[in-house]
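Worksheet for the structure shown next.
Values quoted throughout were computed directly from the atomic coordinates according to the rules given, and no laboratory measurement underlies them. Predicted model, so just to flag it, every value in this text is computed and none were measured. Here the Cβ positions follow ideal geometry from the backbone for every residue, glycine too, while neighbour counts run over all protein chains shown.
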Amino acid sequence: MNNYGIFFKKYLLEIVQFNLKYILLVGILLMSCENSITKSSDIPDCDNKPNGSAIIDDCGLCTGGTTVFEFNYLMDCDGVCGGSAVEDCTGICNGSEVLDECGECGGDNAPLTGTCDCNGTPFGDAYKDGCNICVGGTTGNEACPFDCAGIEEGTSWINHCNECVAEEDFSCIQGCDGNWSNDGSQLFYNDCGICGSDNSTGIVINEINYNSSDDYDPEDWVELYNSSENPINIGNWKFRDEINEHIFFIPENTILSACDFIVLCKDATLFTSLFPEITNYIGDLGFGLSSAGELVRLSDDNGELVDVVEYDNSFPWSTEPDGNGPTLELIHPSLDNSFPANWSASNINGGTPGIINSVYSSDNSNRIFPGKVINEINYNFANE
C-alpha cells in the first residue's frame, strides 16, 4: 500500500472515531435532558406539593391546588389586592344601588308581594281600596266610598290572595310556611310540630352517619323518625343496604312513638360511649355503610318497602359528611329523599342522633315533595 492509501485509511478512521464521539456526546446530552425533565416534574408547587397545581395569584398568594383559597381571592372587584371595593346589587363595582326595605335592588320601598304594603312600608297595613288607591297604614289616605266590588259604602275587601271577597270571607289562610292560599294547599303543623306534614308520612329514615371523622367515630348509624300522629310497631322490620345479605331485623315489639326517633347503630358500645345521653337506640347492625355511597332500604314485617334512598359522597350530594364530622340530614321529613337537594350536612359535628335535625327547615318552597323519605345517613362501609 502506498503512502496515499495509508493516509486515506487513517483519515477515514479519524472520521469514524469523531462521529462515534459525537454520537456518544449527543446521547449523554439527551440523557441529561431527560433526567432534567424528570426531575423538574417533581418540583413542588407553591403549596409544597410535588406535581401540585397550586399557583401564585396576582396578589402574590398561593392559591388553587390543595389550598383552600381561590385565585385572586383577596382582590376586590376593582382589581386592588386587599381592597374594599364591592359590587352593588346590580353587579356594578362600587355602584350605589342597594336593596330597599322591600328587598328590591335600587327600589324606593316599592311594594313587593308578601314584604311591603302598597305604600312601601315593610309589613305595613296599607291596602288598595275599591278605587285601587293605596290607603290606610302610613299613607294618610282614606278609603274611597266604593269597595272592591264597586259598591258604594260596600264592605268587600281584597284579601291576601288578591281576591275581592265579602267582609266575612276569610277563606284565604296563611300556612305555617308563611304562604297564603284558599285552595286547600296551605301547610299546617302536625301533631309533631312539623310544618307541612299530614300525619300520614309514617316512618322515615331521618339521619345518616356513614363516614365519621377520625377523632369522633361512633361507627355507622341511621336514625328513623315517626312523623305520624300514632305509635308504630316496627318490630321485625328489616333494614338493609344494597347487599341483600346485609340484613338487620329490628327486635320484636319495638314501638316507635309518635313524633319520636330511634337510632340503628353498627356498634352500640362505641355509639353510647360518644352519645351517653341517647337511650333510644338499637344495635348492633352487623354491617356498615359505604363511604362511596350506596342504596339503603327499610321494609316492614310483610316485606313491603317503607323507605329507600341512594346517597352519594360527591356532588350534587353534600360532601361534608364523608369523613369530615357532619352527618347527612334530611331537611324536612315530608321531602322526597331521593333528591340530593333535600339533604344537607348537619350543622353539628357528630350529627343529631335521637333529636330533631340541625338543618330542619319548614321553608320548602323550592323543594320537592313526594311521599316517603330518608332523613339522615352515616355510611362508612369501606372496610366491610
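Odds and ends about this structure:
- Using the Cβ-Cβ distance between Asp177 and Asp47 with R0 set to 35 Å, the FRET efficiency from 1/(1 + (r/R0)^6) comes to roughly 0.15.
- Karplus-derived HN-Hα couplings along region 291-307 (A = 6.51, B = -1.76, C = 1.60, θ = phi - 60°), whole Hz, x at Gly and Pro: 6, 9, x, 5, 8, 10, 9, 10, 10, 7, 6, 9, x, 6, 5, 9, 7
- Likely footprinting exposure, Asp117, Asp88, fewest C-beta neighbours within 10 Å first: Asp88, Asp117
- Separation between Cα centres of region 59-90 and region 307-354, rounded to whole Å: 31
- For His160 and Cys77, a Förster radius of 45 Å and the Cβ-Cβ distance give a FRET efficiency of 0.65, rounded to the nearest 0.05.
- Summarising the amide proton neighbourhood of Asp307: residues at separation of 5 or more, or on other chains, whose placed amide H is nearer than 5 Å comprise Leu298.
- For region 262-316: rounded, prolate or oblate by the Cα gyration tensor [a/c cutoff 1.5]: oblate
- Computed extension length for Asn302-Ser185: 38.8 nm, one decimal, from 0.36 nm per residue of separation with the Cα-Cα distance subtracted.
- Listing Val306, Val296 from fewest to most neighbouring C-beta atoms within 10 Å gives Val306, Val296.
- Ranked by the mean number of other Cβ atoms within 10 Å per residue, highest first, peptides 326-339, 259-272 order as 326-339, 259-272.
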